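Any read-out appearing in this document is the output of simple, stated calculations on the displayed coordinates, not a laboratory observation. Just so you know, these numbers come straight off a predicted model, no measurement behind them. Neighbour counts are summed over all protein chains in view; Cβ atoms, including those assigned to glycine, are modelled from backbone coordinates with ideal geometry.
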Amino acid sequence: MRIDTLPQYTKLPSNHISNCTVIVVDVLRASTSIITAVQNGAQQIVPTADAGEAAAVVGRLGLRDCVLAGERGGEKLSGFDIGNSPSEFSKSLVGGKTVVISTTNGTVAIHGLSSAKTLLIGGMINKTAIAKKALELKNDVLIVCAGTDGNVSADDICAAGAIADAIVNNSDETVDLTDFTRVSIALYKDLHDERFDLSKTRHFSRLVELGFEKDTELCFEEDVTDVVPVYANGIITLFR
Ligand code: 3SL
Ligand code: MG
C-alpha cells in the first residue's frame, strides 16, 4: 500500500483517484463537525459547496427533519440553524436528522473528490478508526488536506500526518510513503511532542480570535470515536 498526501485541495483528474481510498481532512473544522454529526446519530449529511444550494436542499427536504449548518469566514451563515462548531452537532439536535452543511473549504473539497473509489472523512478524533478502515479496503490511500482559502493549512497537515502514522502503526506490511506524507508525519510528531506550536498558525489563530478556542481543542483530541463517515452519491453516512 502507498500513502500519498496532497497539501491542499485542488481539482484532480477522475482517473487519478478512481482506484484510491481518498481521505479528506479539514480538521478545523468541517471534518470534525461531520464526524461528530455522524457520531451523534445524524441519519445523513448533505455537503454542498454553495450556501444557497444548502438552503435550497433544506427547502426541498422539508425543514422539520433537517438541520442547516455552515459558515463563511468561520462565522455562522445568516438564517442557518447552526455554524460549524463540532459542539453544535449535538445528539439532541442532529439525532435522526438530515444535516445539510456548507463550509468554505471542507465541503468544496468533498464535492470535488467524489470520483474517488472510496471517499472517507477524517480528522484527529477518528484517526485510528479511519486508518483501520483504509487498511481493510487495501487500496492505495490519498490523504487530501482541504487547506484554507486556497492556502496550505498546518492544522490539516498535522491531522493528515496523524492518520498516515496510524495507518503505518496498524499495518502488518511495509507501507510506501511519499515524501509529503513523511513530512506530514514529522509535523504531527512535532505537534504531539510540543516542538511545533500550532496556535501561531493562521487558521488556528483566527478561530481563537473569533472565540472558537474550545473548538480548536475539541478538533485536536485524538481517537475519541470509531465513526468513519463515507461520501457516496451526494450524501455522507456511517461507513459500515
Ligand atoms: O473551511 C471550512 O470548511 C471550515 O471548516 C472553516 S472554519 O473552521 O469553519 O472556519
Ligand atoms: Mg480547515
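Arrange the following residues from fewest to most other Cβ atoms within 10 Å of their Cβ: V183, V38, V25.
V183, V38, V25
So which residue, out of D156, D197, D215, gets the largest mean-square fluctuation from a GNM of the chain using Cα contacts under 10 Å as springs?
D197
What's the exposure ranking of E71, E173, E222, E209, going from fewest to most Cβ atoms within 10 Å?
The fewest-first ordering by Cβ neighbours comes to E173, E209, E222, E71.
May I ask you to evaluate 6.51 cos²θ - 1.76 cosθ + 1.60, the Karplus curve with θ = phi - 60°, for each residue of region 84-89 and list the ³J(HN,Hα) values in order in whole Hz, giving x for glycine and proline?
10, 8, x, 5, 6, 8
For I35, I236, what ranking results if the residue with the fewest other Cβ atoms within 10 Å of its Cβ goes first?
If I rank by nearby Cβ atoms, fewest first, I get I236, I35.
Hey, what do the phi angles of region 225-240 turn into as Karplus ³J(HN,Hα) couplings, whole Hz, using 6.51/-1.76/1.60 and θ = phi - 60°, x for Gly and Pro?
Karplus values, whole Hz, x for Gly and Pro: 9, 9, 5, 10, x, 10, 9, 8, 6, x, 10, 9, 9, 6, 6, 10.
Report the convex hull volume per residue for region 135-237, counting only C-alpha atoms, in Å³.
Taking the convex hull of the Cα positions in region 135-237, it is 147 Å³ per residue.
Using each residue's phi in region 66-81, evaluate 6.51 cos²θ - 1.76 cosθ + 1.60 at θ = phi - 60° and report the 3J(HN,Hα) Karplus result to the nearest Hz, with x for Gly and Pro.
Per residue, the Karplus-derived 3J(HN,Hα) values read 10, 10, 9, 10, x, 9, 9, x, x, 9, 3, 6, 4, x, 7, 5 Hz.
Would you kindly work out the equivalent ellipsoid of region 1-117 from its C-alpha gyration tensor and give its semi-axes, the square roots of five times the eigenvalues, largest first in whole Å?
Whole-Å semi-axes of the equivalent ellipsoid: 26, 15, 14.
Region 75-93 to region 34-59: how many Å between their Cα centroids?
What the calculation gives is 11 Å, centre to centre.
Stokes-Einstein diffusion coefficient for region 2-238 at 37 °C in a medium of 0.692 mPa s, Rh from the Kirkwood formula over Cα pairs: what value in µm²/s?
In µm²/s, the coefficient is 189.
Using a Gaussian network model of the chain whose springs link C-alpha atoms within less than 10 Å, name the residue from D65, D193, D26 with the highest mean-square fluctuation.
Sorting by GNM fluctuation, first place goes to D193.
For region 191-240, state the semi-axes of the equivalent ellipsoid (square roots of 5 times the eigenvalues of the alpha-carbon gyration tensor), sorted largest first and rounded to whole angstrom.
28, 15, 10
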